[in-house]
Amino acid sequence: MSVTKVSVIGASGRMGSEVCRAVEAAQGLELAGRFDMGDDLGDLAGADVVVEFSVPDASAINVAHCVDQGVHVVVGTTGWGEDKLADLTARLEQHPGVGVLIAPNFAIGAVLMMAFAQKAAEFYESVEIIELHHPDKVDAPSGTAARTAELVGAARAQAGLADVPDATTSDPEGARGGRAHGIPVHSVRLRGLVAHQEVLFGQTGEMLTIRHDSFDRVSFMPGVIAAVRKVGEHPGLTVGLEHYLGIA
Ligand SMILES: NC(=O)c1ccc[n+]([C@@H]2O[C@H](COP(=O)([O-])OP(=O)(O)OC[C@H]3O[C@@H](n4cnc5c(N)ncnc54)[C@H](O)[C@@H]3O)[C@@H](O)[C@H]2O)c1
């Protein structure tokens with residue numbers, strides 16, 4: 001059986017260190033290199049695949065380096081806006097064999113939660129997203145909440161639904177939270193939490209709640225390892241693990 005060499009960028013971080021352990025424990029994978037802030041990425045320790053969990057400011061630069069080296073990349077770092085995705089797509093056109101997966105959430109249950117929310121979206125007048133994370137997270141809303149809002153917003157638009165009803169005219173403290181793709185999003189930061197999300201759908205006389213909880217970062221590892229095994233079969237840019245799992 002051939003061995004896939006994997007390097008990890010952001011290897012000293014909470015997610016990166018968990019990925020290193022998961023790669024070392026996985027059959028057919030070999031941990032080739034660990035890179036963190038300030039390290040010279042060079043030839044990425046000869047990796048076939050890189051897993052990138054760093055910080056939003058650094059991720060695009062790190063991924064560009066990998067693509068230029070002809071190495072496939074599995075990206076978990078959040079904060080990829082439209083501009084950065086467009087730049088990456090253009091760069092991948094210069095390297096047609098290289099695959100990059102950017103997934104806002106590698107937990108299988110979170111991928112299912114997003115798919116279920118997308119399916120429910122057209123049937124409800126109201127929807128709000130509450131995402132809850134540990135207080136050391138630097139960006140809000142979470143990538144999962146932003147992606148869920150994008151999917152739900154697109155499904156509502158497709159179904160011709162109006163904006164979510166909301167009579168608020170005074171909100172000096174910002175108590176109604178933010179909006180992503182027209183969907184209200186509330187970000188909770190609480191010591192003790194890892195990564196959690198609720199999508200609330202409301203209609204006169206009923207409510208549907210879709211909730212997912214990651215209690216431990218190991219919950220992301222089956223998705224990361226599956227992505228490492230499959231990214232080489234998917235040249236170009238893929239956004240969302242659902243496309244590798246047949247859920248999309
Ligand atoms: N997609 C998912 O399923 C998922 C799950 C959890 C977290 N995340 C995201 O993953 C990212 C990392 O989360 P974390 O909790 O591990 O953060 P963390 O702060 O624990 O780790 C980030 C690591 O990146 C390193 N780093 C900073 N700048 C760097 C650079 N220029 N090059 C290389 N490494 C650099 C830091 O030193 C640190 O070790 C965040 O964006 C977070 O939102 C995604």
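When the solvent-accessible area of region 108-215 is split by element, carbon and sulfur atoms take up 54 percent of it, the probe being 1.4 Å. The charge dipole of region 36-161, taken about its Cα centre with unit charges on the Cβ atoms of Lys, Arg (+1), Asp and Glu (-1) only, comes to about 520 debye. Solvent-accessible surface of the chain, taken per residue with a 1.4 Å probe and all protein chains present: 48 Å². Cβ-Cβ distance of Ala86 and Ala167, R₀ of 41 Å, FRET efficiency by 1/(1 + (r/R0)^6): the value works out to about 0.65. Restricted to Cα atoms, region 1-110 shows a radius of gyration and a Dmax of 13.3, 40 angstrom.
Region 159-246 gives an Rg/Rh value of 1.06, both radii derived from C-alpha positions and Rh following Kirkwood.
Just in region 207-247: which chymotrypsin sites (Phe, Trp or Tyr not before Pro) are loop by DSSP and have at most 12 other Cβ atoms within 10 Å?
Qualifying residues, ordered by number: Phe215.
Placing pseudo-labels 7 Å out from each Cα toward the beta carbon at Gln94 and Ser2 gives an inter-label distance of 2.7 nm. Between Val55 and Lys137, the distance separating the two model label sites (each 7 Å from Cα on the Cα→Cβ line) works out to 1.8 nm. Our coupling estimate for region 63-78, obtained by passing each phi through the Karplus curve with A = 6.51, B = -1.76, C = 1.60 and θ = phi - 60°, is 5, 4, 4, 4, 4, 4, 7, x, 9, 5, 9, 10, 10, x, 4, 8 Hz, Gly and Pro reported as x. Distant-in-sequence amide contacts of Arg179, defined by a placed amide H-H separation under 5 Å and a gap of 5 or more residues or a different chain, comprise Val185. A Cβ-based charge dipole, computed about the Cα centre of region 100-182 with Lys and Arg at +1 and Asp and Glu at -1, lands at about 280 debye. Around the Cα centre of the chain, unit charges on the Cβ atoms of Lys, Arg, Asp and Glu (plus for the first two, minus for the last two) sum to a dipole of about 460 debye. Axis of helix 14-25 versus longest Cα principal axis of the chain: the two differ by about 50°, to the nearest ten degrees. Working note: Debye formula, equal point scatterers on the alpha-carbon atoms of the chain, no solvent; log10 I(q)/I(0) at q = 0.09, 0.10, 0.16 Å⁻¹ is -0.41, -0.50, -1.16. Taking region 76-213 as the region of interest, what is the percent of Cα-Cα pairs per 10 angstrom bin, listed from the shortest bin to the one with the maximum distance? Per 10 Å bin, starting at zero, the Cα-Cα P(r) for region 76-213 comes out as 11, 37, 33, 15, 3, 0 percent. Only bridges whose two residues both fall in the chain count here: according to DSSP, what percent of them are antiparallel, nearest 5? DSSP beta bridges in the chain are roughly 45 percent antiparallel. With a simple spin-label model that places each label point 7 Å from the Cα along the Cα-to-Cβ direction, the separation between Gln27 and Thr209 comes to 4.0 nm.
The values are calculated or read from the model by the stated rules, or taken from the named source; none is laboratory data. All values reported here derive from a predicted model rather than from experimental measurement. Note: ideal-geometry Cβ built from the backbone for every residue, glycine included; neighbour counts use all protein chains shown. SASA here: full protein model, heavy atoms, side chains in, ligands and nucleic acids out. Shrake-Rupley method; radii C 1.70, N 1.55, O 1.52, S 1.80 Å.
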